[in-house]
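Taking it in order: structure first as structure tokens, then the write-up.
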Amino acid sequence: MGKVVLVTGVARHLGARFVREIRREPDVDLVVGVDVQPSPYGLEQAPPEGSGGRVADYVFARADIRRPAVARIIAEHSVDTVVHLNVTATPLGSGGRGTVKETNVIGTMQLLGACQKAPTVQRLVVKSTTSVYGSAPRDPAVFTEQMQPRALPSGGFAKDACEVEGYVRGFSRRRPDVAVCVLRFANIVGPAADTPLNEYFSLPVLPTVLGYDPRMQFVHEDDAVEVLRLAALEPRRGTTNSGTFNVAGEGVLLLSQCARRLARPTVPLLLPAISWVAGLIRQTRVADFSPEQIRLLTHGRVVDVRHLHETFGYTPVRSTAEAFADFAAAAAAGLLPTERLAAATDRLAGMLPPAGRTPAAAGRTTEGGPAGAGPAESGTWELDLR
């Protein structure tokens, strides 16, 4: 008998992609999908055959993980591996923030209680987020898995994730025989990823915080699915897939660089003004512009991924810049012409004096021309975006 894998959150894009991948594994016999509604991605159709020349069966169980019914599903199918992907920032359908919090926190509690009572469960994989580290002005340059935030998140998805991880640690103490893996994903991007940050970058004009240009880190949806697949399988010889792991692409991008790659203009606003704009965006349901996202767009966040490399033996195929480039290629055209915007930026950079030199040192002064010259030269730079 091969593995029986239960996956929560299959009605979402990431859950559906993971189900397709795990069904190709030769040592998986059955995948049980759990959600409040069937997946719109056609999971009942068999994906292409895997390396073993076959695909695992798929069964959908309509259930709300906030209810005790999930324990019956685990027992009925003798599930040995649970992959919990239903920890999200946005509601499924018309639900609000209250529904999201209940699903994240109460749903996780019910699921862990069911796993604790099930003797067949041997492995638990939980999707978390790097938002648990928060975003603050005095944060370290790079977070490792052992670091704690200076202040715990006070609300939103980040607080949900902190509570979920706390319950997972309690489960791990009660069931030390179960291999528990918590994956803290950076912002997942891709052509079809459904995340709040994707919604923000899809706005025609990007509101930003005046005076800040935060560092951003991304992971491509393909790499996210591959890390989930590795976490759900048996670990490599001499290693264990248990523990907490940061998952992100190499490198960083500044928010201003992201805007230029999308050819979208930015509107720098004072913090009170951007909070008001964010509330308006949420009310109109154009995007989920939460307070924690505002903090990210103010101070940024970068994590260290060496623990993932050393334990899983896997390095994300796409860097942060490459992951964002794939998202940008599929995004709607921006208001500014990309090629001309890049050329204008290059011309502006060429006009600036070298680093560490003032305009006077470069042979130009604000009051007069070069030393010993006659009439003062104009210091005006004209930037033509036509």
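Got at least one residue in the stretch 251-263 being at pLDDT 85 or above, part of a loop (DSSP other than H, G, I, E, B) and in contact with a strand residue (DSSP E or B) (Cβ under 7 Å, 6 or more places away or on another chain)? Before you say what the answer is, go through the steps one by one.
First pass over the stretch 251-263, keeping only residues at pLDDT 85 or above: 251-263.
This time we only want the ones that are part of a loop (DSSP other than H, G, I, E, B), so: 251-252, 263.
Of the ones still in play, those that are also in contact with a strand residue (DSSP E or B) (Cβ under 7 Å, 6 or more places away or on another chain) are 252.
Yes; the residues of the stretch 251-263 include at least one that is at pLDDT 85 or above, part of a loop (DSSP other than H, G, I, E, B) and in contact with a strand residue (DSSP E or B) (Cβ under 7 Å, 6 or more places away or on another chain).
So how many residues does the stretch 12-28 have that are part of a loop (DSSP other than H, G, I, E, B), in contact with a Ser or Thr (Cβ under 9 Å, 6 or more places away or on another chain) and not basic (Lys, Arg)? Spell out how you get there, then give the answer.
Step one: list which residues in the stretch 12-28 are part of a loop (DSSP other than H, G, I, E, B), which gives 12, 23-27.
In the following step, the residues that additionally are in contact with a Ser or Thr (Cβ under 9 Å, 6 or more places away or on another chain) were identified as 12, 24-26.
Pick out the ones that are also not basic (Lys, Arg) and you get 25-26.
Count: 2.
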task: Identify, by number, the condition in (1) closer than 30 Å to Leu253 by Cα; (2) at pLDDT below 95; (3) among the hydroxyl-bearing types (Ser, Thr, Tyr) that Thr129 doesn't meet.
output: (2)
message: List pairs: first residue in the stretch 18-29 and closer than 12 Å to Tyr58 by Cβ, second residue aromatic (Phe, Trp, Tyr) and crowded, with 21+ Cβ neighbours inside 10 Å anywhere in the structure, Cβ distance under 8 angstrom, at least six positions apart or on different chains.
response: Val19/Tyr58; Arg23/Tyr58
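Check the stretch 331-353 and report whether any residue there is modelled with pLDDT of 65 or more and either aliphatic (A, V, I, L, M) or under 26 Å from Asp194 (Cα atoms) (or both).
Yes, the stretch 331-353 contains at least one residue that is modelled with pLDDT of 65 or more and either aliphatic (A, V, I, L, M) or under 26 Å from Asp194 (Cα atoms) (or both).
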- request: Count, please, the residues in the stretch 35-56 that happen to be without any contact (Cβ under 8 Å) to a residue 40 or more places away in the chain and either aliphatic (A, V, I, L, M) or part of a strand (DSSP E or B) (or both).
  value: 3
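Residues of the stretch 182-211 being of a type in the set (A, V, I, L, M) and in contact with a Gly (Cβ under 8 Å, 6 or more places away or on another chain), which ones? Before you say what the answer is, go through the steps one by one.
Initial filter on the stretch 182-211 (of a type in the set (A, V, I, L, M)): 182-183, 186, 188-189, 192-193, 197, 203, 205-206, 209-210.
Hits for the stretch 182-211 are Val182, Ala186.
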- prompt: For residues in the stretch 62-79 being part of a loop (DSSP other than H, G, I, E, B) and of a type in the set (Lys, Arg), which is farthest from Gly9 (Cα to Cα)?
  reply: Arg67
Filter pass, Thr244 being outside any helix (DSSP H, G or I), out of contact with any Pro (no Cβ under 7 Å at 6 or more places or on another chain), closer than 30 Å to Val178 by Cβ and at pLDDT 95 or above: yes
task: Working carefully through the options Val36, Val4, Val10, Val28, find the one that is closer than 28 Å to Val132 by Cβ and buried (at least 20 other Cβ atoms within 10 Å of the Cβ).
output: Val10
query: Do we have any residue at all in the stretch 269-282 that's more than 29 Å from Val164 (Cβ to Cβ), assigned to a loop (DSSP other than H, G, I, E, B), out of contact with any Phe, Trp or Tyr (no Cβ under 7 Å at 6 or more places or on another chain) and not polar (S, T, N, Q)?
result: yes
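Given the residues Ala287, Ala231, Ala224, which is the only one that is surrounded by 15 or more Cβ atoms within 10 Å (Cβ to Cβ), in contact with a Phe, Trp or Tyr (Cβ under 9 Å, 6 or more places away or on another chain) and either at pLDDT below 95 or part of a strand (DSSP E or B) (or both)?
Matching residue, one of Ala287, Ala231, Ala224: Ala287.
Among Val31, Val59, Val4, Val82, which is the only one that is of a type in the set (Val, Ile, Thr), touching a Phe, Trp or Tyr at 6+ places or on another chain (Cβ under 6 Å) and outside any helix (DSSP H, G or I)?
Val31
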message: Could you list, ordered by first residue, the pairs with Cβ atoms under 7 Å in which the first is in the stretch 195-220 and closer than 19 Å to Arg12 by Cα and the second is acidic (Asp, Glu) and part of a strand (DSSP E or B), at least 6 apart or interchain?
response: none
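The values are calculated or read from the model by the stated rules, or taken from the named source; none is laboratory data. The shown structure was predicted, so the numbers you read here are calculated from the model rather than taken from an experiment. Positions of Cβ are generated from backbone atoms using ideal geometry, with glycine treated the same way; all protein chains shown enter the neighbour counts.
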